[in-house]
Amino acid sequence: MRFVIVGGGPAGTQAATDAARFGAEVVLIERDIVGGAANLRDCIPSKAMIATGGAKSYLGRLEEIGLVDVAVNLDFDRLGKRIAGITERLSMAQEQILRSQNVQIVRGTGRLLGPHEVEATTDEGTSVFHADAIMLSTGSRPRIPDWVELDGDRVLTTRDAYPPKVLPEHLIVVGSGVTGVEFVHMFSSLGSKVTLIVSREQVLPSKDPEVAAVLENDFLRRGVHLLKGARAESVVRNGDEVTVTCDDGRVVTGSHALLAIGSIPNSEYLNLEAAGVESDTWGFIGINHHCQTNVAHIYAAGDLSGKLPLSSVAKMQGRKIAEHALIGHTVAHRHLDYDKAASAIFTEPEIADVGLAEADAFAEGRKIRVTKVPFASTPKALINNDPRGFVKIISDPATGVVLGGSIVGQHAAELISVIALAVTAGLKVTDIQESMLVHPSLGEALADAAD
Ligand SMILES: Cc1cc2nc3c(=O)[nH]c(=O)nc-3n(C[C@H](O)[C@H](O)[C@H](O)COP(=O)(O)OP(=O)(O)OC[C@H]3O[C@@H](n4cnc5c(N)ncnc54)[C@H](O)[C@@H]3O)c2cc1C
């Protein structure tokens, strides 16, 4: 079977690896680098910048643990080289794995020519591949509204910001979802003055208010200005100044502005009509629970599919697609349950959650048991000099089965894995509570919250 994949991000590379393992002849068409925007522009560079910002803010608190007179200076050149080094290393490793599995990597732009034909345009010309199954995983890019004139210098999207040529003196971030707050954290910890335009009354409008409040308090503590209940409606650069005007008449002037107001799918070049693949008005391709489009042998995955825009979800979709396309008819395979995807926000403190949210359970009138433990009572959090935040576990009061959880605090993105495993495997609170964990460790807060 020949399996042709267009787009080599987390979805495409995972599907290519698995499909090759299952015996398919795999062609992966990628116009940029293997690993995708996730490696090159989004997840990895943003987290690398945040690691530097986090280290800098930690150094700012060293006196509290008995270390004085430690000076730090930011070197953007080194920071840039470090980020480039990480992305290059990850991409090379992924490419090596694919090549070792005989995946044919075609450096070019792919598009459909028909239900079973994919064209790749490379520097050398065009080639057409016949395919028994096709997967589209071309990702997404930042949404840019018509009231903004980007210049990649002072008016930026998230993809222009790694690393900045200079540290913005005053950065105005438009958009207070996950990406927006991560950039606020990144730049305020590096030393920029930051204003965040929040269209509602709470940052992270889709998150638990208690979780959002911890983050807002931290932003206020470090001097971030929150402009709430305001929608930006124009961003104008004038020399070294950028002015953002909001729909209620409020105006903020800073040195830079950064837009973080969502993404749009990379579907317009795919020539979907040629194969009869349907997309919605935004260009997202609809899929069923096997990630099949309306054309059964053509699959879509990752951000292009309009599901949860997470690298981890894209990867899992890629895995499920390879399974379904290659061996799906012979073995039972578990459907992907998007409600069980863990996610994290890499701010300070970190925020992570998985499964059923408390607010959703109340809205559905569902009976739940909520147990919560603050890190202030966890020895390791005190030793680490960061007792902010809490662990919250949501379970079924009748069976004790873990349904979800939230963690706010240091290493939340790592710690949530335990609750994610419990949610996926249907474990009970007693399974967590009776695990004999390391002392002292942050994980003890999980066992305490399960009590
Ligand atoms: C700033 C930011 C930070 C993020 N941080 C995280 C995070 O910490 N954790 C997380 O889980 N998610 C994070 N995300 C989301 C994550 O980046 C995406 O969900 C993920 O990249 C989606 O993977 P994908 O496989 O759909 O596509 P992508 O990673 O976007 O890859 C798509 C690939 O397709 C290629 N392509 C496009 N069109 C064509 C074509 N016609 N022909 C050939 N190739 C083509 C592109 O070059 C690209 O390499 C972040 C997003 C942003 C914006």
Using modelled backbone amide H atoms (1.01 Å from N, in-plane), which distant-in-sequence or interchain residues come within less than 5 Å of S140's amide H? N266
So, R0 is 35 Å and r is the distance between the beta-carbons of E241 and R221; what FRET efficiency does that work out to, to 0.05? 0.80
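Ratio of Rg to Rh for segment 155-261, alpha carbon only, Kirkwood? Intermediate results must be reported in sequence, preceding the final value.
Numbers: Rg = 12.8 Å, Rh = 13.6 Å.
Across segment 155-261, the Cα-based Rg/Rh ratio is 0.94.
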Table column - 3J(HN,Hα) (Hz), segment 161-175, Karplus curve with 6.51, -1.76, 1.60, x for Gly and Pro: 9, 10, x, x, 5, 9, 6, x, 5, 9, 9, 9, 9, 9, x
Interchain or sequence-distant (5+) residues whose placed amide H lies within less than 5 Å of the amide H of G262 are R143
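What are the trypsin sites (Lys or Arg not before Pro) within segment 71-137 that DSSP puts in a loop, where the Cβ has at most 12 other Cβ atoms within 10 Å?
Sparse-neighbourhood loop trypsin sites (Lys or Arg not before Pro): none present.
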Phi angles of segment 246-251, converted by Karplus (6.51 cos²θ - 1.76 cosθ + 1.60, θ = phi - 60°) into ³J(HN,Hα) in whole Hz with x for Gly and Pro, give 9, 5, 8, x, 5, 10
Cα atoms only, segment 261-363: Rg and Dmax in Å? 15.8, 48
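Given N residues in segment 133-208, what is its alpha carbon radius of gyration divided by 2.2 N^0.38 Å?
Numbers: Rg = 14.6 Å, N = 76, 2.2 N^0.38 = 11.4 Å.
So segment 133-208 has a normalised radius of gyration of 1.28.
Is the shape of segment 259-317 best called rounded, prolate or oblate, per the rule: a/c under 1.5 gives rounded, else a/b larger than b/c gives prolate, else oblate, with a ≥ b ≥ c the square roots of the Cα gyration tensor eigenvalues? Kindly include the intermediate steps, with their values, before the conclusion.
Details: a/c = 2.32, a/b = 1.23, b/c = 1.89.
Since a/c reaches 1.5 but b/c is at least a/b, the shape of segment 259-317 is classed as oblate.
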Per-residue ellipticity at 222 nm for the chain, helices alone: DSSP H runs ≥ 4 residues times -39500 (n - 2.57), over residue total, nearest 500 deg cm²/dmol? -9500 deg cm²/dmol
Cross-link partners among lysines for K320, C-alpha distance below 19 Å, same-chain residues fewer than 8 apart left out? K307, K340
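Stretched out fully, how many nm does the piece from V128 to R369 gain, at 0.36 nm a residue minus the Cα gap? If you can, show how the numbers build up before the last one.
On the way: separation 241, 0.36 × 241 = 86.76 nm, distance 5.66 nm.
81.1 nm is the gain from fully extending V128 to R369.
Let me know the shape class of segment 190-329, please: from the alpha-carbon gyration tensor, a ≥ b ≥ c as square roots of the eigenvalues, rounded when a/c is under 1.5, otherwise prolate if a/b is greater than b/c, or oblate.
Values: a/c = 3.11, a/b = 2.02, b/c = 1.54.
Since a/c reaches 1.5 and a/b is larger than b/c, the shape of segment 190-329 is classed as prolate.
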Options V68, A48, A120, ranked by Cα towards positive dipole end of segment 26-128, top entry (Cβ charges): V68
Overall Cα dimensions of segment 349-449, principal axis frame, Å, largest first: 39, 26, 19
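Report the full-extension gain for the segment L382 to E434: residue separation times 0.36 nm, less the Cα-Cα distance, to one decimal in nm. Could you put the intermediate results ahead of the total?
Working: separation 52, 0.36 × 52 = 18.72 nm, distance 2.33 nm.
Separation in residues times 0.36 nm, less the Cα-Cα distance, equals 16.4 nm.
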Assign unit charges at the C-beta atoms only (+1 for Lys and Arg, -1 for Asp and Glu), then state the dipole size of segment 56-129 relative to its Cα centre in Debye, rounded to the nearest 20. 120
Along segment 398-413, Karplus-curve 3J(HN,Hα) (6.51, -1.76, 1.60; θ = phi - 60°) to the nearest Hz, with x for Gly and Pro, reads 7, 9, x, 5, 6, 9, x, x, 10, 10, 10, x, 5, 6, 4, 5
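Relative to the Cα centre, what is the charge dipole magnitude of segment 149-253, using +1 at the beta carbon of each Lys and Arg, -1 at the beta carbon of each Asp and Glu, and rounding to the nearest 20 debye? It would help to have the intermediate numbers written out before the result.
Working: 12 positive and 16 negative charges, 34 e Å.
For this selection, approximately 160 debye.
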Based on the Cβ-Cβ distance from E64 to T121, what FRET efficiency comes out when R0 is 45 Å, to the nearest 0.05? 0.20
Determine, at each q value in 0.09, 0.10, 0.12 (inverse angstroms), the log₁₀ of I(q)/I(0) that the Debye formula gives when each Cα of the chain is one equal point scatterer. -0.66, -0.82, -1.15
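Read-outs throughout are calculated quantities, based only on the coordinates presented, and are distinct from any laboratory measurement. Remember, it's a predicted structure, so these values are computed and weren't measured experimentally. Here Cβ is always computed from backbone atoms with ideal geometry, including for glycine, and neighbour counts include all displayed protein chains.
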